[in-house]
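Notes to accompany the following structure.
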Amino acid sequence: MDSFVRAAALTHFAEVSATLGYNADAALRRAGLQPRVLQEPELRLPAEAVVGLLEAAARATGCETFGLRMVQSRQLSNFGVVSLLLAHQGSLRGILTATIEHLHLLNNSLAMQMEDAGPLVFMREEVMSAMPARQSIELAIGVIHRTCAALMGEGWRPRSVNFSHAAPASLADHHQVFRCPVEFNADFNGMVFRAADLDVPNPTADPGLARYAKTLLENVPSLGGGSVGREVRRAVYLMLPSGRATCESVAQSLGRSLRTLQRELDEEGTSFTALLAEVRQNLAQRYIENPRYSLAHVAELLGYSTHSAFTRWFALQFGQSPATWRRQSLAPGRRGQPRPADAPALIEDPPSARRAPE
């Protein structure tokens, strides 16, 4: 299930690289991308290449907030034709709903969901990737935040911005971008809104232009991947940390009966069990690298009722216990990531491409 993202996702990659003394063109080539993609925002890029590019840039420069720095000068127009539709939604709820509905035109490696909980609304956002994706997650959430602020006014603020990873050494960039409470080591990535704020009218909305934008979008090619398997995978990413990623619950969230969902997955040559195992494997790599998460909490976020069951599963997947991997990965000079025993090693930047942390 290949995932793609518009090249516009790399807006300001070159500028941030330049401020850190990093060779953007060489970095792009190492990631299998041509430098010209920075001038052609509508190109389709492999999502994994973009995720890896940003993680490599953060490592090489020693900048923990590389992805977030790319947000600071973003414009609504970076969404392309979708920006016209967003600009003329009647409320913040409409803006977020339209964004979720059109992710297949922007970045089909993203999973987004809004969940009403009385006076609060939770917007969960995940990058569906088999590799660590801290930079891409912060970039994606930062872009959504900046879009909402641009349309609703600079005085707008969410109740909080949440990240499941640990805090960086400095919070200066987070404070500059978000200007609201930022919670790290959270149980999900995304934002929390006051429900009342979502229905405040967008003062610049024009329903006629919104309808016109929808007709334009009918002719915009999708990034691909409208399969049931991708829908299930996206739902599991969003529902697993809250303990709701059962086959029955996912089927209900997708508007299907359990039997229908199982039949459709069979036709695609996969199963709910296989997709759940894939997502668990990917999320385990992110959660286990956060030393602020206890291993018992990691087990809970991955849907295991007992620590022992999680430990057995992890050992089968990665060839060692979660405690051993965490201890080794946090040792000075180690930057290992857990991976299946039969997976190839990740290709690191050559030493000449790295800079010592500033």
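Of note:
- Scanning segment 195-224 for residues that are closer than 16 Å to PHE4 by Cβ and surrounded by fewer than 17 Cβ atoms within 10 Å (Cβ to Cβ) yields a total of 4.
- Filter result (of a type in the set (A, V, I, L, M, F, W, C), part of a helix (DSSP H, G or I) and surrounded by 14 or more Cβ atoms within 10 Å (Cβ to Cβ)) within segment 298-326: VAL298, ALA299, LEU301, PHE310, TRP313, PHE314, ALA315, PHE318, TRP325
- Residue list for segment 178-225, restricted to those being of a type in the set (Lys, Arg) and either without any contact (Cβ under 8 Å) to a residue 12 or more places away in the chain or part of a helix (DSSP H, G or I) (or both): ARG211, LYS214
- TYR287 meets all of the listed conditions (1) buried (at least 18 other Cβ atoms within 10 Å of the Cβ); (2) within 25 Å of VAL228 (Cβ to Cβ) but one, namely (2).
- Evaluated against (1) crowded, with 21+ Cβ neighbours inside 10 Å; (2) touching a strand residue (DSSP E or B) at 6+ places or on another chain (Cβ under 6 Å); (3) more than 25 Å from LEU283 (Cα to Cα), ARG159 falls short on exactly one condition, (1).
- Residues of segment 64-98 that turn out to be touching a Ser or Thr at 6+ places or on another chain (Cβ under 9 Å), assigned to a loop (DSSP other than H, G, I, E, B) and either closer than 20 Å to LEU198 by Cβ or not β-branched (Val, Ile, Thr) (or both), as a count: 7
- Inter-residue pairs, beta-carbon under 6 Å, first under 18 Å from ARG69 (Cα atoms) and in segment 1-27, second polar (S, T, N, Q) and in a helix (DSSP H, G or I), 6+ apart: ALA8/ASN78; THR11/ASN78; LEU20/THR61; TYR22/THR61; ALA24/SER17
- A Cβ distance below 6 Å, combined with a sequence gap of six or more or placement on separate chains, defines the contacts here; from segment 144-169, residues that are closer than 17 Å to ALA98 by Cβ reach residues that are crowded, with 17+ Cβ neighbours inside 10 Å and basic (Lys, Arg) in the pairs ARG146/ARG74.
- Among the residues here, ARG69 qualifies as of a type in the set (Lys, Arg), in the same structural domain as GLU154 (by TED's automatic domain parsing), in contact (Cβ under 8 Å) with a residue 12 or more places away in the chain and farther than 30 Å from VAL232 by Cβ.
The values are calculated or read from the model by the stated rules, or taken from the named source; none is laboratory data. A quick note: this is a predicted structure, and the numbers were derived from the prediction, not measured. Here the Cβ is made from the backbone with ideal geometry for all residues, glycine too, and neighbour counts use every protein chain on show.
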